[in-house]
């Protein structure tokens, strides 16, 4: 399944992969080696912790590689004024005026205004244009939105 990213978001993910492979992996290997040298592995908490860190790191490396295989860079350059993945949307609701950027799920950060195209709010914005009014049902209830601007 395609996973959508901005160029910046994809760059961050690639940087994370590089850090995990080139920095964390060797650091964890050294910790495991040092813990082995302490002796009895059956009661060696340092060894167990290092092996847990290794498993977590390797799992994340596999996850990132899978994401990168299905990554699609989003660019909203069609100028149509229609909300798409990659659009910045200025809206008005009972919560005031807010700006959201529609991104792929892996890049979402609702607190910072980056909402997933798969979320109830993000999917409700898709294919709408300036001036559209609509209601969105979210876990916090129903809210009416009006789109003020699409970039």
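The values are calculated or read from the model by the stated rules, or taken from the named source; none is laboratory data. Bear in mind that the values here come from a model prediction, so they are computed numbers and not experimental data. Here the Cβ positions follow ideal geometry from the backbone for every residue, glycine too, while neighbour counts run over all protein chains shown.
Going residue by residue through the range 12-19, is there one that turns out to be over 30 Å from residue 122 (Cα atoms) and modelled with pLDDT of 95 or more? Spell out how you get there, then give the answer.
Residues of the range 12-19 over 30 Å from residue 122 (Cα atoms): 18-19.
Going one step further and asking which of them are modelled with pLDDT of 95 or more, we end up with 18-19.
Yes; the residues of the range 12-19 include at least one that is over 30 Å from residue 122 (Cα atoms) and modelled with pLDDT of 95 or more.
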Q: Given the conditions (1) assigned to a strand (DSSP E or B); (2) surrounded by 15 or more Cβ atoms within 10 Å (Cβ to Cβ), report the number of the one that residue 50 does not fulfil.
A: (1)
Q | Subset tally (residues that are more than 30 Å from residue 105 (Cα to Cα) and either in contact (Cβ under 8 Å) with a residue 24 or more places away in the chain or assigned by TED's automatic domain parsing to the domain that holds residue 114 (or both)) for the range 1-28 | A | 0
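Being surrounded by 12 or more Cβ atoms within 10 Å (Cβ to Cβ), in a helix (DSSP H, G or I) and in contact with a strand residue (DSSP E or B) (Cβ under 7 Å, 6 or more places away or on another chain) narrows it down to one of 61, 67, so name that one.
Numbers: 61 fails: in contact with a strand residue (DSSP E or B) (Cβ under 7 Å, 6 or more places away or on another chain).
Of the residues listed, the single one that is surrounded by 12 or more Cβ atoms within 10 Å (Cβ to Cβ), in a helix (DSSP H, G or I) and in contact with a strand residue (DSSP E or B) (Cβ under 7 Å, 6 or more places away or on another chain) is 67.
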Q: Scan the range 49-92 for residues that are over 14 Å from the mean Cα position of the chain (by Cα) and at positive phi and report the count.
A: 2
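Taking the range 1-11, which residues are surrounded by fewer than 14 Cβ atoms within 10 Å (Cβ to Cβ) and either assigned to a helix (DSSP H, G or I) or modelled with pLDDT of 90 or more (or both)?
Step one: filter the range 1-11 for residues surrounded by fewer than 14 Cβ atoms within 10 Å (Cβ to Cβ), giving 1-2, 7-8, 11.
Once the filter is applied, which keeps residues that are surrounded by fewer than 14 Cβ atoms within 10 Å (Cβ to Cβ) and either assigned to a helix (DSSP H, G or I) or modelled with pLDDT of 90 or more (or both), the range 1-11 yields 7, 8, 11.
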**Q.** Residues of the range 78-128 satisfying the condition of being touching a strand residue (DSSP E or B) at 6+ places or on another chain (Cβ under 9 Å), over 19 Å from residue 2 (Cα atoms) and surrounded by fewer than 12 Cβ atoms within 10 Å (Cβ to Cβ)
**A.** 80, 94, 95, 97, 112
Q: Return the total of residues in the range 103-144 being in contact with a helix residue (DSSP H, G or I) (Cβ under 7 Å, 6 or more places away or on another chain) and either in a helix (DSSP H, G or I) or at pLDDT below 90 (or both).
A: 4
